[in-house]
Amino acid sequence: MLSKSQARAFFLGGTVVTFLIFIGLTIYSFAPKNDQTNRDKLTAEVAKGKRIWESNNCMGCHTILGEGAYYAPELTKVVERRGEPFIRAVLQSPVPWAPNGRKMVAYAMNDEDTEAVIAYLKWIGEIDLNGFDRVVSPLSKGEKQ
Amino acid sequence: MKYKSQQIAYWFFALCILLFALQITYGFIMGFARIGWDGLHDIIPFNTARAVHTNLLVVWLLSGFMGAAYYIIPEEAQRELVSVKLAFVQFFSLALVGVIAIVGYHFNYWEGRKFLEIPRELDYLVVVNVLLFLGLILTTLFKGKRQTTTAMVLSMGLLFAALLYLPGMIWFDSQVMDSFFRWWVVHLWVEGVWELIMGGILAFLLIKLTGVDREVIEKWLYVIVGLTFLSGVLGTGHHYYYIGVNKIWLVVGGIFSALEPLAFLGMALFAVYMYRKGEKKHPNKLALFWTIGSAIVSFIGAGLLGFAHTLPQTNLYTHGTLVTAMHGHYAFWGAYAMIVLAIISYSVPNMTGRKRFDKTAGHMAFWLSNIGMLGMVVALGVAGVVQVYLERRLKMDFMVAQEETKIHFVVMLLCATLFTVGIVMYMYEFIRYGKPSDEALEPAA
Ligand code: HEM
Ligand code: HEM
Ligand SMILES: [Fe+2]
């Protein structure tokens with residue numbers, strides 16, 4: 001029968017080994033030839049867009065890359081799906097945007113911030129998502145598959 | 001209760017109960033918004049309500065874990081806590097950080113990263129607070145007469161939880177990198193080190209409530225936490241399938257996360273088996289209900305419902321839908337909320353010297369909250385399946401598909417009401433117990 005010290009060895013050994021593999025895989029997936037995070041296209045404007053996205057907690061209603069809240073549309077492919085003028089209208093609306101009855105916060109964003117957010121959303125839309133990009137976008141589904 | 005300093009735990013538990021009540025309130029605000037009653041939108045928009053709901057959850061659970069540690073560690077180490085004064089300082093600073101964060105969320109003072117919304121400046125305060133807590137717990141443990149496995153597992157869980165908070169504080173310009181390291185906190189907490197904390201509390205309660213030999217319980221505790229890390233660390237990969245990182249994670253995450261339910265299965269079998277084996281029949285049946293209940297419900301909520309969407313082929317469609325919300329509710333409830341309610345139910349009678357555990361209200365609280373939560377989870381699950389089918393398979397527009405989930409949120413809110421009645425009864429019992437009393441100090445607890 002298993003003894004307590006064997007049980008402890010199982011715990012410590014398993015933890016150390018899997019943790020080392022985990023670190024190894026992390027390094028592997030960000031090595032230049034395996035990296036698919038769309039790093040090259042990440043401009044200062046995209047980074048600015050991300051900061052606006054974060055400081056307003058857009059993720060508290062929307063999902064992006066499938067993460068966030070389930071209250072408002074998934075935005076990974078929104079540029080492709082709706083086009084830029086539509087998004088501009090959403091972000092600059094002085095009253096809560098709610099064509100389908102559910103309210104967004106009225107941001108009445110200025111042009112500069114709006115363009116940064118759009119650049120950010122565009123950048124997101126170009127990431128290779130191992131197939132999820134096709135699931136969340138009805139538009140790209142028909143075209144790319 | 002043997003040591004006077006264990007009484008500090010009571011204040012952490014009281015904070016727990018208070019924040020839990022607030023958490024539920026914000027849950028209702030979101031639930032109502034989802035069925036179109038969004039009258040509060042201008043003051044408390046959905047994203048504010050959500051950040052408050054999930055952060056209060058995390059803070060009250062942490063407060064519960066801390067209270068549990070202040071109660072358990074002196075008893076296990078067989079000495080008083082090194083400083084009760086500093087423990088109170090730690091208590092008030094925890095409450096303060098919590099209040100500033102929650103108030104800040106109403107004024108756009110946050111980071112907008114799911115579960116890690118606390119703004120950077122406050123993060124540093126959190127770090128100081130947790131260091132103080134760990135200092136008190138670890139010095140008490142190592143100055144004590146003995147360092148039991150139960151106490152070590154619990155303390156290691158708390159220590160690693162603190163260390164893992166750090167990757168969440170690195171700033172990235174890339175959404176992908178941000179998300180990648182956010183999971184080092186969120187996933188490695190709930191499917192890693194928090195399970196150590198849960199396992200430690202569970203082992204302590206089983207030793208006290210069933211009278212089974214400590215050596216036997218602690219041996220299995222090692223096996224369970226061993227399984228946790230063996231599967232859970234590489235299981236992090238189940239969050240990396242579709243966020244813009246290499247395909248290798250589909251294989252690694254798929255295989256290892258599919259093994260994660262084993263640890264929870266172990267927890268459930270462990271609790272039930274020790275209960276059967278135990279000869280001592282502790283009079284506090286209610287604490288036993290919460291303890292065994294936690295082990296079983298965590299297996300269903302985390303193990304089974306987690307498994308239901310963890311394979312890459314399924315997750316491709318369920319990723320970021322109400323299916324995730326269903327699992328999130330039941331897993332957090334079973335594994336962490338119930339274990340905190342269990343240690344409160346066990347320790348408060350010992351701290352106050354009153355023995356109200358055979359009162360009907362306490363038992364009603366257990367059943368109503370559990371039945372209510374099960375109903376909420378079923379309603380969320382149905383809403384989730386409807387969403388996945390309409391939006392992801394039939395390619396309906398998001399908002400059009402949402403319209404079809406409204407009815408399920410009506411059902412969810414009805415069940416949430418039942419749940420809340422149960423929790424109110426729990427709170428009533430907590431209040432009726434009154435404050436800790438020195439008369440409750442006795443050589444054998
Ligand atoms: C007590 C333990 C657990 C808790 C508290 C928990 C809680 C959660 C929460 C809150 C989320 C949403 C996270 C976010 O989007 O930020 C989540 C996601 C997820 N959980 Fe768990 N979980 C637990 C255990 C498990 C286990 C054991 C499995 C697998 C067998 C699992 C599989 C998943 C998966 C696949 C997702 C991602 C869903 C998606 O793609 O949207 N979880 N969990
Ligand atoms: C009793 C009343 C409750 C109601 C009405 C409620 C409602 C909600 C709603 C509407 C959401 C947001 C889902 C979305 O993004 O659309 C949510 C999120 C969440 N709630 Fe609750 N909740 C309640 C209680 C609880 C309890 C007791 C727990 C923990 C044990 C909990 C844990 C969570 C978690 C972890 C999330 C985030 C889920 C995710 O991101 O996947 N809630 N809740
Ligand atoms: Fe996970």
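The values are calculated or read from the model by the stated rules, or taken from the named source; none is laboratory data. Quick caveat: nothing in here was measured; it's all calculated off a predicted structure. Because the Cβ atoms are built from the backbone with ideal geometry, glycine has one as well, and the counts that use them run over all protein chains shown. What goes into the accessible areas is simple: the full protein's heavy atoms, side chains included, and nothing from ligands, DNA or RNA. Shrake-Rupley method; radii C 1.70, N 1.55, O 1.52, S 1.80 Å.
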Notebook entry, point to check: Averaged over A:28-38, how many beta carbons belonging to a partner chain fall within 10 Å of each residue's beta carbon?
Noted result: 4
Notebook entry, point to check: Which log10 I(q)/I(0) values, to two decimals, does the stretch B:1-147 give at q = 0.09, 0.13, 0.17, 0.18 Å⁻¹ under the Debye formula with one point per Cα?
Noted result: -0.34, -0.63, -0.91, -0.98
Checklist line | Most positive-pole-ward Cα, B:MET351, B:GLY422, B:LEU265, against dipole of the protein assembly as shown from beta carbon charges | finding: B:MET351
Checklist line | Under 19 Å from the Cα of A:LYS48 - aspartates and glutamates, other chains or at least 8 residues apart | finding: A:ASP40, A:GLU84, A:ASP111, A:GLU112, A:ASP113, A:GLU115, A:GLU126, B:GLU111, B:GLU117, B:ASP173, B:ASP178
Note to self: Starting from 0.36 nm per residue, how many nanometres of slack lie between B:ASP42 and B:ILE255 once their C-alpha separation is accounted for?
What the structure shows: 72.2 nm
Notebook entry, point to check: Computed FRET efficiency, Cβ-Cβ of B:ARG214 and B:ARG276, R0 22 Å: what is it to the nearest 0.05?
Noted result: 0.80
Checklist line | Nearest-ten-degree value, helix B:261-277 long axis tilted from longest Cα axis of chain B | finding: 30 degrees
Check: Counting only protein heavy atoms, what percent of the accessible surface of the stretch B:5-78 is carbon or sulfur at a 1.4 Å probe?
Finding: 71 percent
Checklist line | Burial order of peptide ranges A:77-83, B:296-302, A:31-37 (average beta-carbon count within 10 Å, highest first) | finding: B:296-302, A:77-83, A:31-37
Next item on the list: Please give, to one decimal in nm, the separation of the simple spin-label points placed at B:LYS247 and B:LEU304, each 7 Å out from Cα toward the Cβ.
Entry: 3.5 nm
Item checked: Total charge dipole magnitude, the protein assembly as shown, about the Cα centre, Cβ charges on Lys, Arg, Asp, Glu only, Debye to nearest 20 -> 1520 debye
Margin query: Full-extension gain between B:PHE172 and B:LYS285, please, as 0.36 nm times their residue separation minus the C-alpha to C-alpha distance.
Written below: 35.7 nm
Next item on the list: For the protein assembly as shown, report the accessible area per residue in Å² (1.4 Å probe, heavy atoms, rounded to an integer).
Entry: 38 Å²
Next item on the list: Quantify how strongly other chains surround peptide A:76-84 by giving the mean number of their Cβ atoms within 10 Å of each of its Cβ atoms.
Entry: 1
Checklist line | Size of the A/B contact, given as accessible area buried on both chains, probe 1.4 Å, in Å² | finding: 6500 Å²
Margin query: Give me the extension gain from B:TYR109 to B:MET399: residue separation times 0.36 nm, minus the current Cα-Cα distance, reported in nm with one decimal.
Written below: 101.6 nm
Margin query: Leaving out ligands, DNA and RNA, and with a 1.4 Å probe, what % of the accessible surface on chain A is carbon or sulfur?
Written below: 61 percent
Notebook entry, point to check: Among the helices of chain A (complete DSSP H runs), which have Cα atoms covering no less than 27 Å along the helix axis and a Kyte-Doolittle mean of at least 0.5?
Noted result: A:4-30
Notebook entry, point to check: Against the longest alpha carbon principal axis of chain B, how many degrees, from 0 to 90 and to the nearest 10, is the axis of helix B:406-433 turned?
Noted result: 10 degrees
Checklist line | Net charge over other residues, Cβ less than 14 angstrom from the Cβ of B:GLY104 (K, R count +1; D, E count -1) | finding: -3
Notebook entry, point to check: Projected onto the charge dipole of the stretch B:1-147 (+1 at Lys/Arg Cβ, -1 at Asp/Glu Cβ, origin at the Cα centre), which of B:VAL126, B:GLY112, B:GLY144 gives the Cα projection farthest towards the positive end?
Noted result: B:GLY144
Next item on the list: List the residues of the stretch B:197-225 that lose 50 Å² or more of accessible area once all protein chains are present, compared with their chain alone (1.4 Å probe, heavy atoms only, no ligands or nucleic acids).
Entry: B:LYS219, B:TYR222
Notebook entry, point to check: Quick one: putting +1 on the C-beta of Lys and Arg, -1 on the C-beta of Asp and Glu, what dipole do you get for chain A around its Cα centre, in Debye to the nearest 20?
Noted result: 560 debye
Next item on the list: Give, to the nearest whole percent, the P(r) tail of the protein assembly as shown beyond 33 angstrom, counting all Cα pairs.
Entry: 43 percent
Check: What is the calculated FRET efficiency for B:LYS4 to A:ALA9, with r their C-beta to C-beta distance and R₀ = 35 Å, to the nearest 0.05?
Finding: 0.35
Check: Pick from B:GLY226, B:GLY39, B:GLY98: which residue has the top mean-square fluctuation in a GNM of chain B where Cα pairs under 10 Å get a spring?
Finding: B:GLY39
Checklist line | Which of B:HIS408, A:PRO85, B:VAL89, positive extreme of dipole for the protein assembly as shown (C-beta unit charges) | finding: B:VAL89
Check: To the nearest 500 deg cm²/dmol, what mean residue ellipticity at 222 nm is calculated for chain A from DSSP H runs of n ≥ 4 alone, each contributing -39,500 (n - 2.57), summed and divided by the residues?
Finding: -17000 deg cm²/dmol
Checklist line | Cα-projected label distance for B:GLU121 with B:ILE35, points at 7 Å along beta-carbon direction, nm | finding: 4.1 nm
Margin query: Against the 2.2 N^0.38 Å scaling, with N counting residues, where does the stretch A:36-145 land? I'd like the Cα-based Rg ratio to two decimal places.
Written below: 1.04
Item checked: Shielding of B:170-180 by partner chains, average beta-carbon count, 10 Å -> 6
Check: Between B:LEU96 and B:LEU414, what FRET efficiency follows from the Cβ-Cβ distance if R0 is 35 Å, with the result rounded to 0.05?
Finding: 0.45
Next item on the list: Calculate how steeply helix B:120-143 sits against the longest principal axis of the alpha-carbon atoms of chain B, using the helix alpha-carbon long axis, and give the answer as 0 to 90 degrees to the nearest 10.
Entry: 30 degrees
Checklist line | Dipole moment magnitude, nearest 20 debye, the stretch B:124-244 about Cα centre, only Lys, Arg, Asp, Glu C-beta charged | finding: 500 debye
Next item on the list: Please list A:15-21, B:247-253 highest first by mean number of surrounding beta-carbon atoms within 10 Å per residue.
Entry: B:247-253, A:15-21
Notebook entry, point to check: Given the options A:ILE124, A:ILE23, A:ILE52, which has the most mean-square fluctuation in a GNM of chain A, springs set between C-alpha atoms less than 10 angstrom apart?
Noted result: A:ILE23
Check: If the cut-off is a Cα-Cα distance under 18 Å, which aspartates and glutamates reach B:LYS285, setting aside same-chain residues fewer than 8 apart in sequence?
Finding: B:ASP358, B:GLU429
Notebook entry, point to check: Quick one: if you stick a label point 7 Å off each Cα along the C-beta vector at B:LEU131 and B:HIS363, how many nm between them?
Noted result: 5.0 nm
